[in-house]
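Working notes, structure below.
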Amino acid sequence: MSTLIKYLCTFFVSMVPIVELRGAVPIGTGLGLQWLPTLIISMIGNMIPVPFIYFFARKVLIWGANKKYIGKFFHFCLEKGEKGGKKLQEKAGHGLFLALLLFVGIPIPGTGVWTGTLAANLLDMGFKRSVLAVVLGVLLAGIIMTLISQGAFTAITSLFS
(Lines give C-alpha, C1' and ligand atoms only; values in the text may rest on other atoms or scores of the structure.)
Protein backbone atom coordinates (compact mmCIF):
# COMPACT_ATOMS: atom_id res chain seq x y z
CA MET A 1 0.00 0.00 0.00
CA SER A 2 1.44 3.38 -0.98
CA THR A 3 2.09 6.09 1.59
CA LEU A 4 -0.54 8.32 -0.02
CA ILE A 5 -3.18 5.59 0.34
CA LYS A 6 -2.20 5.12 4.00
CA TYR A 7 -2.61 8.84 4.68
CA LEU A 8 -5.94 8.92 2.84
CA CYS A 9 -7.20 5.95 4.89
CA THR A 10 -6.11 7.72 8.08
CA PHE A 11 -7.80 10.94 6.94
CA PHE A 12 -11.12 9.27 6.12
CA VAL A 13 -11.15 7.11 9.26
CA SER A 14 -10.79 10.30 11.34
CA MET A 15 -14.08 11.58 9.86
CA VAL A 16 -16.10 8.51 10.89
CA PRO A 17 -18.36 8.98 13.93
CA ILE A 18 -17.30 7.13 17.09
CA VAL A 19 -13.92 6.08 15.59
CA GLU A 20 -12.75 9.62 14.72
CA LEU A 21 -9.20 10.69 15.53
CA ARG A 22 -9.09 8.18 18.41
CA GLY A 23 -8.94 5.38 15.88
CA ALA A 24 -7.21 7.18 13.03
CA VAL A 25 -3.99 7.98 14.90
CA PRO A 26 -3.31 4.38 15.99
CA ILE A 27 -4.28 3.14 12.53
CA GLY A 28 -1.94 5.60 10.81
CA THR A 29 1.00 4.90 13.09
CA GLY A 30 0.22 1.18 12.88
CA LEU A 31 0.51 1.46 9.11
CA GLY A 32 4.05 2.80 9.63
CA LEU A 33 3.30 6.49 9.04
CA GLN A 34 5.27 9.13 10.93
CA TRP A 35 3.48 10.38 14.04
CA LEU A 36 3.41 14.14 13.29
CA PRO A 37 1.90 13.99 9.77
CA THR A 38 -0.50 11.30 11.04
CA LEU A 39 -1.60 13.58 13.88
CA ILE A 40 -2.08 16.58 11.57
CA ILE A 41 -3.97 14.58 8.91
CA SER A 42 -6.18 13.02 11.60
CA MET A 43 -6.95 16.40 13.17
CA ILE A 44 -7.88 17.95 9.84
CA GLY A 45 -10.09 15.00 8.92
CA ASN A 46 -11.74 15.01 12.34
CA MET A 47 -12.56 18.73 12.09
CA ILE A 48 -14.05 18.71 8.57
CA PRO A 49 -17.51 17.49 9.72
CA VAL A 50 -17.80 20.14 12.49
CA PRO A 51 -19.55 22.93 10.53
CA PHE A 52 -21.94 20.42 8.95
CA ILE A 53 -22.76 18.88 12.32
CA TYR A 54 -23.21 22.27 13.96
CA PHE A 55 -25.46 23.79 11.31
CA PHE A 56 -27.36 20.79 9.95
CA ALA A 57 -27.28 17.75 12.27
CA ARG A 58 -29.93 19.02 14.68
CA LYS A 59 -32.32 19.84 11.84
CA VAL A 60 -31.74 16.52 10.07
CA LEU A 61 -32.12 14.51 13.28
CA ILE A 62 -35.34 16.28 14.23
CA TRP A 63 -36.69 15.78 10.70
CA GLY A 64 -35.79 12.08 10.66
CA ALA A 65 -36.74 11.17 14.24
CA ASN A 66 -40.29 10.22 13.25
CA LYS A 67 -39.50 8.50 9.93
CA LYS A 68 -40.29 4.82 9.56
CA TYR A 69 -36.88 3.27 8.77
CA ILE A 70 -34.44 5.82 10.16
CA GLY A 71 -36.47 7.17 13.07
CA LYS A 72 -35.03 4.98 15.83
CA PHE A 73 -31.44 5.73 14.87
CA PHE A 74 -32.07 9.47 14.44
CA HIS A 75 -33.93 9.60 17.74
CA PHE A 76 -31.01 7.77 19.41
CA CYS A 77 -28.50 10.30 18.00
CA LEU A 78 -30.63 13.25 19.05
CA GLU A 79 -31.11 11.81 22.52
CA LYS A 80 -27.37 11.10 22.87
CA GLY A 81 -26.51 14.68 21.92
CA GLU A 82 -29.10 16.09 24.31
CA LYS A 83 -27.90 13.87 27.18
CA GLY A 84 -24.28 14.82 26.49
CA GLY A 85 -25.20 18.49 26.39
CA LYS A 86 -27.19 18.34 29.62
CA LYS A 87 -24.38 16.49 31.42
CA LEU A 88 -21.89 19.06 30.21
CA GLN A 89 -24.05 21.96 31.32
CA GLU A 90 -24.80 20.45 34.73
CA LYS A 91 -21.16 19.78 35.50
CA ALA A 92 -19.75 22.89 33.90
CA GLY A 93 -22.09 25.72 34.78
CA HIS A 94 -20.25 28.78 33.49
CA GLY A 95 -17.24 26.68 32.49
CA LEU A 96 -19.01 25.22 29.46
CA PHE A 97 -16.14 26.05 27.10
CA LEU A 98 -13.63 24.10 29.21
CA ALA A 99 -16.12 21.27 29.73
CA LEU A 100 -16.67 20.94 25.97
CA LEU A 101 -12.91 21.02 25.37
CA LEU A 102 -12.38 18.20 27.89
CA PHE A 103 -15.44 16.28 26.66
CA VAL A 104 -13.96 16.18 23.16
CA GLY A 105 -10.35 15.92 24.34
CA ILE A 106 -10.51 12.95 26.69
CA PRO A 107 -10.40 10.02 24.26
CA ILE A 108 -13.15 7.70 25.43
CA PRO A 109 -15.89 6.29 23.19
CA GLY A 110 -18.85 8.59 22.56
CA THR A 111 -17.18 11.84 23.59
CA GLY A 112 -15.63 13.02 20.35
CA VAL A 113 -16.21 15.74 17.81
CA TRP A 114 -19.56 14.46 16.56
CA THR A 115 -21.23 14.24 19.98
CA GLY A 116 -19.47 17.33 21.33
CA THR A 117 -20.46 19.53 18.39
CA LEU A 118 -24.05 18.30 18.46
CA ALA A 119 -24.18 18.92 22.23
CA ALA A 120 -22.79 22.45 21.74
CA ASN A 121 -25.47 23.13 19.14
CA LEU A 122 -28.24 21.77 21.34
CA LEU A 123 -26.97 23.98 24.18
CA ASP A 124 -27.04 26.98 21.81
CA MET A 125 -23.35 27.61 22.38
CA GLY A 126 -22.10 30.01 19.72
CA PHE A 127 -20.44 28.60 16.62
CA LYS A 128 -17.05 30.28 17.13
CA ARG A 129 -16.78 29.26 20.80
CA SER A 130 -17.92 25.73 19.95
CA VAL A 131 -15.37 25.35 17.15
CA LEU A 132 -12.54 26.73 19.28
CA ALA A 133 -13.38 24.35 22.16
CA VAL A 134 -13.67 21.42 19.74
CA VAL A 135 -10.38 22.27 17.98
CA LEU A 136 -8.56 22.43 21.32
CA GLY A 137 -10.26 19.19 22.38
CA VAL A 138 -9.16 17.50 19.16
CA LEU A 139 -5.61 18.70 19.79
CA LEU A 140 -5.70 17.25 23.32
CA ALA A 141 -7.16 13.94 22.12
CA GLY A 142 -4.61 13.85 19.30
CA ILE A 143 -1.69 14.35 21.66
CA ILE A 144 -2.99 11.68 24.04
CA MET A 145 -3.60 9.18 21.23
CA THR A 146 -0.22 9.91 19.66
CA LEU A 147 1.53 9.30 22.98
CA ILE A 148 -0.41 6.07 23.46
CA SER A 149 0.35 4.99 19.88
CA GLN A 150 4.03 5.71 20.36
CA GLY A 151 4.11 3.72 23.60
CA ALA A 152 4.90 6.70 25.84
CA PHE A 153 2.49 5.66 28.57
CA THR A 154 3.80 2.11 28.53
CA ALA A 155 7.35 3.41 28.92
CA ILE A 156 6.40 5.76 31.77
CA THR A 157 4.46 3.11 33.68
CA SER A 158 7.31 0.62 33.30
CA LEU A 159 9.58 3.13 35.11
CA PHE A 160 7.33 2.95 38.17
CA SER A 161 6.73 -0.81 38.12
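The values are calculated or read from the model by the stated rules, or taken from the named source; none is laboratory data. On a predicted model such as this, the values are computed, not experimentally measured, just so you know. Virtual Cβ from ideal backbone geometry, glycine too; neighbours counted across all protein chains shown. Protein only, heavy atoms only, side chains kept; ligands, DNA and RNA dropped before computing areas. Shrake-Rupley method; radii C 1.70, N 1.55, O 1.52, S 1.80 Å.
In terms of its C-alpha gyration tensor, region 1-103 comes out oblate, because a/c is 1.5 or above while a/b does not outweigh b/c.
With every protein chain left in place, what is the accessible area per residue of region 1-113 in square angstrom, probe 1.4 Å? Don't skip to the answer; put the middle values down first.
On the way: 6770 Å² over 113 residues.
About 60 Å² of surface per residue is accessible.
Between helix 20-30 and the chain, what is the angle of the helix's C-alpha long axis to the longest principal axis, kept within 0 to 90° and rounded to the nearest 10? In the chain, helix 20-30 runs at an angle near 20 degrees to the longest axis. Counting only helical runs of four or more DSSP H residues, what would the 222 nm mean residue ellipticity of the chain come to if each run contributes -39,500 (n - 2.57) and the total is spread over all its residues? Here the helix-only value at 222 nm equals -22500 deg cm²/dmol.
Please go through the residue pairs K80/K128; K83/K128; K6/K87; K6/K67 and name each one whose alpha carbons sit more than 26 Å apart in this structure. Long pairs (Cα-Cα over 26 Å): K6/K87; K6/K67. Hey, quick one: spin label on Q150, modelled 7 Å out along Cα-Cβ, who in region 25-47 has an amide N within reach, i.e. under 17 Å? What the label zone holds, given the 17 Å backbone N cut-off, is 25-43.
Here region 1-140 has 73 percent of its accessible surface on carbon and sulfur atoms, given a 1.4 Å probe and all protein chains in place.
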